[in-house]
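Structure record follows, encoded as structure tokens.
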Amino acid sequence: MRAKERMYQSLVNLTMGLLSLLCVLPFVLLFSSSITAQSEIIVSGYRFIPSKIDFEAYEYLLNDAASIVRAYGVTVTVTAIGTAASLAMTTLVAYPLSRKDLPHRNFFSFYIFFTMLFNGGLVPLYLVYTKLFDFKNTLWALIVPIALVNAFYVIITRTFFQSTIPIEVIESGKIDGAGEFKIFYRIVLPLSLPILATVGLFQTIHFWNDWFNGLIFLTDSSLYSIQNLLNRILLDAQFLSTMDFGTAQGELLAGIPTMTVRLAIAVIGVIPILVIYPFFQRFFVQGLTVGAVKG
């Protein structure tokens, strides 16, 4: 029996190892291609092992290193504040909706769900944030539109509270004299680390990758996030490579490595998320083992 168990465990480990390798290989190919000479990519295609290493794409990007560092600072600030605000608003809305004794609970649930199906559109969105709230060319334009209550996250968080947080735990808190806010802060949130980590990770990725809000609300380049800045650099490179400013200058601009610049931009944009993601794993594991109702 033990031999069969060991064989089964080995097979599971091998399968998971192969799946993990398949997840890692695209990032390896992305990085290796970004340090390959563009001429080699055109001739030989993408390879895991570069036939000719060339950091021209990174040198092109680092010509504006100060702007990249500033854009990283903007993105980190927006992501940190936005994720915290989004988690706070999501949990504060989802927890009351999970309680069956909330007056008009079905109405509020429908109101939240309705926003998943319909929205006002781009023009009302722009007018509200620029004319009513005057968020144009401010960091709030990158935070508020995403940090506001997301119906999908509210629904899955509410479902988690309903299915995972035993009512006996809440009632025991009331017996001990705890109020609603103390129960929420001291009991519900510690038991909800898995869903908090999940929603937090989704929102972190959303804030980090967001470029649309910067596109429509920002004209001040000093407020660009890393995604907006890299997108502008890519568009500039593509534009310059197609222009003809004269024989010598035209040949120089035509040599801009637009293909490898795209890959280098992807590397610069994705590396911080790859570095941060492993730190979320302990919250998933810890959240699954924190507290339980013992019969």
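Computed from backbone phi with θ = phi - 60° and the Karplus coefficients 6.51, -1.76 and 1.60, the 3J(HN,Hα) list for the range 36-42 is 9, 4, 4, 4, 5, 5, 5 Hz; x is used for glycine and proline. Applying 1/(1 + (r/R0)^6) with r as the Cβ-Cβ distance of V24 and L92 and R0 = 35 angstrom yields a FRET efficiency of 0.40. Inter-label distance, V69 to F110: 5.6 nm, where each label sits 7 Å from its Cα along the C-beta direction. Annotation: E180 carries an accessible surface of approximately 80 Å², with a 1.4 Å probe and no ligand, DNA or RNA atoms counted.
For the chain, the longest principal axis of the alpha carbon atoms and the long axis of helix 226-242 meet at an angle near 20°. On full extension, the segment bounded by E59 and Y46 gains 2.7 nm, given 0.36 nm per residue less the C-alpha separation. Here's the picture: a label point sits 7 Å out from the Cα of I271 along the beta-carbon direction, and within the range 1-40 the residues with their amide nitrogen under 19 Å of it are 24-38. Among the protein heavy atoms, those of F279 account for about 130 Å² of accessible surface (1.4 Å probe, every chain in place). In order along the range 196-206, the Karplus-derived 3J(HN,Hα) couplings, from 6.51 cos²θ - 1.76 cosθ + 1.60 at θ = phi - 60°, round to 5, 5, 5, 5, x, 5, 4, 5, 4, 5, 4 Hz, and Gly and Pro are given as x. Among M7, M16, M259, the sequence by solvent-accessible area, most first, with a 1.4 Å probe is M7, M16, M259. As a fraction of the 1.4 Å probe accessible area of the range 1-107, surface on carbon and sulfur atoms comes out at 70 percent. Spacing of the modelled spin labels on S32 and A85, each 7 Å from Cα toward Cβ, amounts to 4.3 nm. Accessible surface for the chain, divided over its residues, is 61 Å² per residue with a 1.4 Å probe.
Applying 1/(1 + (r/R0)^6) with r as the Cβ-Cβ distance of K174 and F152 and R0 = 41 angstrom yields a FRET efficiency of 0.85.
Once all protein chains are placed together, W140 keeps about 140 Å² accessible to a 1.4 angstrom probe.
Residues whose amide H comes within less than 5 Å of that of T36, counting only those at least five positions distant or on another chain, are D54 (H built at 1.01 Å from N in the peptide plane). Against the criterion of solvent-accessible heavy-atom surface with a 1.4 angstrom probe, R2, R262, R99 sort, most first, into R2, R262, R99.
The values are calculated or read from the model by the stated rules, or taken from the named source; none is laboratory data. Because the structure is predicted, anything quoted here is derived from the model rather than measured. Neighbour counts run over all protein chains shown; Cβ positions are idealised from the backbone, glycine included. Note: accessible area is taken over every heavy atom of the protein model, side chains too, but ligands, DNA and RNA are not part of it. Shrake-Rupley method; radii C 1.70, N 1.55, O 1.52, S 1.80 Å.
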